[in-house]
Amino acid sequence: MLWRRCLALLFLGAMTAVAQTGSTKKADSKPAGEVKATATIGEKKVTRPKSFDVDAMDKTVDPCQDFYQYACGTWRKNNPIPSDQARWGRFNELAEYNRQFLHEILEKASANDPKRTPVMQKIGDMYQSCMDETTVNAKGSTPLKAQMDRIAAITNKQQLMETIAYLHSMGVPALFGFNAAPDLHNASMEIANIAQGGLGLPDRDYYSDADQKSQDTRQKYLEHVTKMFVLVGDEQAAAAKEAQSVMDIETKLADAAFKRVQMRDPKNRDHKLKLADLEAQAPNFQFERFFAASGAPAFTEVNVVPPDFFQKTSATVDAVSLDDWKSYLRWHLVRSAAPTLSDAFVKETFSFYGQYLNGQKELQPRWKRCVQMTDGLLGEALGKPYVDETFGTEGKQRMLKMVNALEEALGQDIQELDWMTPETRKQAAVKLHAITNKIGYPDTWRDYSSVKVMRGDLLGNVQSARSFEVKRNLNKIGKPLDKKEWGMTPPTVNAYYSASNNDINFPAGILQPPFFDRAADDAVNFGGIGVVIGHELTHGFDDQGSKFDAEGNLSNWWTDADRAEFDKRTGCIADEYSTFVPVDDLHLNGRLTLGENTADNGGLRIALMALRKEMASDPKAVKDKQEGFTAEQRFFLGFAQVWCQNSTPESSRLLVKTDPHSPGEYRTNGTLQNSADFAKAFGCKTGQKMVSANACRVW
Ligand SMILES: [Zn+2]
């Protein structure tokens, strides 16, 4: 489990990377100070996303009643959700734009050319094996046979645990998670970590919520699992029985699991146990045997997230019959492999997870899925040519300048807070000054030379790449934390803060319009990427980040009185966002989204402080009035327009239950209704909807 807090949840982030092709033309993003409306990719001209756009607004709406609709109304009307997406917003626009570069790189790399570099061969043949639909379909589910046979051959619980270790080694997440993670009390070291998991539905609550919709979802899930068993060759009646066994086991795992909101509290993730104590608390897992079978280096302590899950589930390991466990493992193997199997598996998986749970109308075209798969599996191999194509040094320098401006603004904000005592204030400043940043792409690219990739063997390739990542991760146990490693690939349209590293990270993929536009003035850029930087910095001081110190350790640097004041203020944010109703009668969970909402509110405030400081020091840097809007008005519009989006009701429902981020509408209006600066910029008065009667502020 990674303690990373990111900017947005992306289903379709173009997380990828390729090796040097040297063949595609340069995109238009390189020339300094110039961003054109189109870019050239190979022979194609493609449209670039725009930054601040007056045509996206709906000026018939009163900005003091609904600023989101005012800033995004026309964009939302003109941008219905494409049939192969579950939601569509500015993030997706940019991710799709990036995906076209990756597509071009992969199409070229996939030509069977003996002169390809080893890295180009890997990404090219990974992509080719995915695009080779004829071979994939001809094989049906036969690529799974060896693993299915191995599950069938289990004769006792000891072999059961060894087989789970084997499945984990291929990236199949059965029963629980096992990985390396930074020690919560000594963040410079990585230790072994086991975590609750093993479910096929999106959250533990899906197994227990009593409302009609949740009951229907469980019924649909049962039908889906049954169909998948039929597809691997089981008789209908046997398949239905197996699906019920899967449901029974997963319901027990869900019952034993902590809720998402509980998992936000670092103390629920902080249980380092001696191996012998873990064995005593959860004997039926036979952990020593499991760890040995996993191929991980030897260790004596493990962080258990949380012990309750393993204690309760240990009884389940014993109580459930071996046949039922075999059904459960077969299901998770098939589920994990489904995207690499024949059409029938892909379509059935889409009909449940894509269509039913997310409201997506159509499966994405195969090339999109194959680009995404290559990106997910060989991300830093595909990332290098992407960066070579698209990312110039000028952008990095301007970005660094903005990061410094935002850090300075947060420093000033901390000094000026009226609720914090000098003792805690001093510690907050220490933590802020220790935050480091990474911009664009890694200094050293990951070495994939041990991953075997060959044409015509999609599942084999996927399992080889997954095994490589599992091994790479487990080998970190007992080693120092590598602070240079990235948690996202270069083309990703996202950003994150890591509490253990105490750093903020901005992949090249997001450093483009609408977030960052070298042709736009700073008012708009501070509203876009400036708020993003402020958001990530504030994560270091949200309900979770505030419990970690400058070194990334879980340790309390707060006085009790200041912590009580902090809790009062975050409580205000939690209550405020819990009043929002994104779909039907479903309220946002203000506690689940607390960290993100705190980061949005703090990020907006310090980005505006930084902009004002720049305007004061260099009056020519920002134009007074442009397209009828003052600099501060453009700042707020630039901020809001990053969040223009449309979402299917199904996707909205799923995200309310699982996503720690609020939907775009509330990220915009929820944040702005707390801002007196916003009200002043647009002349909004007390009593109007965009002016909160009880404005919340933490940072
Ligand atoms: Zn965030």
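Taking D318, is it over 30 Å from T349 (Cα atoms) and in contact (Cβ under 8 Å) with a residue 60 or more places away in the chain? When the stated conditions are applied, D318 passes them.
For segment 79-105, a residue qualifies if it is surrounded by fewer than 20 Cβ atoms within 10 Å (Cβ to Cβ) and touching a residue at least 12 places away in the same chain (Cβ under 8 Å), and the qualifying residues are N79, P80, I81, S83, D84, E96, Q100.
Considering segment 533-547 alone, what residues qualify as being open to solvent by less than 10 Å² (accessible area, probe 1.4 Å) and either of a type in the set (A, V, I, L, M, F, W, C) or assigned to a helix (DSSP H, G or I) (or both)? Within segment 533-547, I533, G534, H535, E536, L537, T538, H539, F541, G545, S546 qualify. Considering only segment 240-254, I want to know if a residue exists there that is assigned to a loop (DSSP other than H, G, I, E, B), open to solvent by 20 Å² or more (accessible area, probe 1.4 Å), at negative phi and modelled with pLDDT of 95 or more. No, segment 240-254 contains no residue that is assigned to a loop (DSSP other than H, G, I, E, B), open to solvent by 20 Å² or more (accessible area, probe 1.4 Å), at negative phi and modelled with pLDDT of 95 or more. Inside segment 452-478, residues that are touching a Ser or Thr at 6+ places or on another chain (Cβ under 7 Å) and under 20 Å from P297 (Cα atoms) make up a count of 4.
Would it be correct to say that A599 is in contact with a helix residue (DSSP H, G or I) (Cβ under 8 Å, 6 or more places away or on another chain), assigned to a helix (DSSP H, G or I), more than 16 Å from the ligand (Cβ to nearest atom) and open to solvent by less than 10 Å² (accessible area, probe 1.4 Å)? When the stated conditions are applied, A599 does not pass them.
For segment 318-358, the set of residues classified as open to solvent by 50 Å² or more (accessible area, probe 1.4 Å) and among the polar types (S, T, N, Q) consists of S321, Q355, listed by residue number. Checking every residue in segment 665-684 against the condition of being closer than 16 Å to L586 by Cβ, open to solvent by 20 Å² or more (accessible area, probe 1.4 Å) and assigned to a helix (DSSP H, G or I) gives at least one match. Within segment 646-666, residues that are among the acidic types (D, E) reach partners that are within 16 Å of the ligand (Cβ to nearest atom) with beta carbons closer than 7 Å, at six or more positions or on different chains, in the pairs D659/L9.
Taking (1) surrounded by fewer than 22 Cβ atoms within 10 Å (Cβ to Cβ); (2) part of a loop (DSSP other than H, G, I, E, B); (3) among the polar types (S, T, N, Q) in turn, N473 satisfies each apart from (2). For segment 559-578, the set of residues classified as crowded, with 20+ Cβ neighbours inside 10 Å and not acidic (D, E) consists of F566, T570, I573, A574, Y577, listed by residue number.
Among the residues of segment 520-536 satisfying the criterion of being more than 17 Å from the chain's Cα centre (by Cα) and charged (D, E, K, R), which is farthest from the ligand (Cβ to nearest atom)? Checking each candidate, the answer is D521. Quick check on segment 537-555. Is at least one of its residues among the β-branched types (V, I, T), closer than 18 Å to P660 by Cα and within 12 Å of the ligand (Cβ to nearest atom)? Within segment 537-555, one or more residues are among the β-branched types (V, I, T), closer than 18 Å to P660 by Cα and within 12 Å of the ligand (Cβ to nearest atom).
Mind listing just one residue for me: the one in segment 387-430 that is under 29 Å from the mean Cα position of the chain (by Cα) and not in a helix (DSSP H, G or I) and, of those, farthest from N505 (Cα to Cα)? Per the criteria, the residue is G392. Could you say whether any residue in segment 446-465 is within 16 Å of the ligand (Cβ to nearest atom) and open to solvent by less than 20 Å² (accessible area, probe 1.4 Å)? No: zero hits.
You will find that of K59, K36, K50, K26, the residue that is modelled with pLDDT of 95 or more and either among the basic types (K, R) or assigned to a loop (DSSP other than H, G, I, E, B) (or both) is K59 and no other. Pairing each residue of segment 42-60 that is more than 30 Å from L106 (Cα to Cα) with any residue that is surrounded by fewer than 18 Cβ atoms within 10 Å (Cβ to Cβ), provided the two are 6+ apart or on different chains, yields C-beta distances under 6 Å for V54/E627. So which residues in segment 637-662 are within 15 Å of the ligand (Cβ to nearest atom), in a helix (DSSP H, G or I) and farther than 23 Å from K259 by Cα? Within segment 637-662, F639 is the sole residue that qualifies. Could we say that T593 is open to solvent by less than 30 Å² (accessible area, probe 1.4 Å), polar (S, T, N, Q), within 16 Å of the ligand (Cβ to nearest atom) and within 24 Å of L417 (Cα to Cα) here? When the stated conditions are applied, T593 passes them. Filtering segment 388-434 to residues that are modelled with pLDDT of 95 or more, open to solvent by 10 Å² or more (accessible area, probe 1.4 Å) and among the β-branched types (V, I, T) leaves T421, V430. When E485 is tested against (1) of a type outside the set (S, T, N, Q); (2) within 16 Å of the ligand (Cβ to nearest atom); (3) not in a helix (DSSP H, G or I), just one condition goes unmet, and that condition is (2). Considering only residues in segment 195-205 that are in contact with a helix residue (DSSP H, G or I) (Cβ under 7 Å, 6 or more places away or on another chain) and of a type outside the set (S, T, N, Q), the one that is farthest from K476 (Cα to Cα) turns out to be D205. Annotation note: of A523, A550, A519, A574, the sole residue that is assigned to a loop (DSSP other than H, G, I, E, B) and in contact with a Gly (Cβ under 8 Å, 6 or more places away or on another chain) is A519.
The values are calculated or read from the model by the stated rules, or taken from the named source; none is laboratory data. Predicted, not measured: the structure shown is a model, and the values here were computed from it. Glycine gets a Cβ as well: all are built from the backbone with ideal geometry, and neighbour counts include every protein chain shown. SASA here: full protein model, heavy atoms, side chains in, ligands and nucleic acids out. Shrake-Rupley method; radii C 1.70, N 1.55, O 1.52, S 1.80 Å.
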